[in-house]
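The values are calculated or read from the model by the stated rules, or taken from the named source; none is laboratory data. Because the structure is predicted, anything quoted here is derived from the model rather than measured. We place every Cβ from the backbone using ideal geometry, glycine too, and count neighbours over all the protein chains shown. These area figures cover heavy atoms from the full protein model, side chains too; ligands, DNA and RNA do not enter into them. Shrake-Rupley method; radii C 1.70, N 1.55, O 1.52, S 1.80 Å.
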Amino acid sequence: GVSVDYRLREMGQFGTGDQSRGFQNALSELSDADAFLIIGANLSDEQPLITHRILKARQRGCVVCLVNPVEDACPVDVAAKAIVAPHRMLSALEEIALALAQGSQQGIAYILSHRSRVCIILGALALHHPDMHRIYTCVQTIAQLTHGKVNVLTDGANSSGGFIKSAGTTDAYT
């Protein structure tokens, strides 16, 4: 058979046997979300169709929070944001997780804790980050604390297909 490594641009691994990579929300559910946490993404460039769904949800009153190294990467009004240098993305997410666990009444944690349908989106800047595995682990904690769902934007259909073909194993050559 032909060997193709679909993860060439990924800086870290998601962990052995992790089946949750990809989208936990159905595309149709995005319009019904009442909060988004967008992490390391330039949605207009990466996924314009998802951006459209977020805009529809925003028109309904959905709030958008952003953790990103680039402020102008989000095409919608943002309720709360942490614009941080790339090397601070993990610590910003850890602060949010800690604030959620402590029941903080401020910032992104407060906003997310008062919403019932939280959608967390990890973009290319997060996916290609040197600490991606730790970022993903932290995001899973945030999802558990908010009862949210984690959605990873892949680099395209081929990388999604590669993941599905390998069933999430760490052996990219199966």
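In a fully extended conformation the segment linking Gln105 and Val70 would gain 10.0 nm over its present Cα-Cα distance, using 0.36 nm per residue. With protein chains left intact and a 1.4 Å probe, residues in the stretch 30-133 average 45 Å² of accessible area per residue. The calculated FRET efficiency for the pair His87 and Ser116, based on their C-beta separation and a Förster distance of 41 Å, comes to about 0.80. In order along the stretch 106-121, the phi-based Karplus estimate (6.51 cos²θ - 1.76 cosθ + 1.60, θ = phi - 60°) of 3J(HN,Hα) comes to 9, x, 4, 4, 4, 4, 5, 6, 9, 10, 9, 10, 9, 10, 9, 10 Hz; Gly and Pro are listed as x. Less than 5 angstrom separates the built amide H of Val152 from those of Gly22, Phe23, Gln24, Leu122, all sequence-distant by 5 or more or on a different chain.
Rolled with a 1.4 Å probe across the full set of protein chains, the surface gives Asp45 an accessible area near 120 Å².
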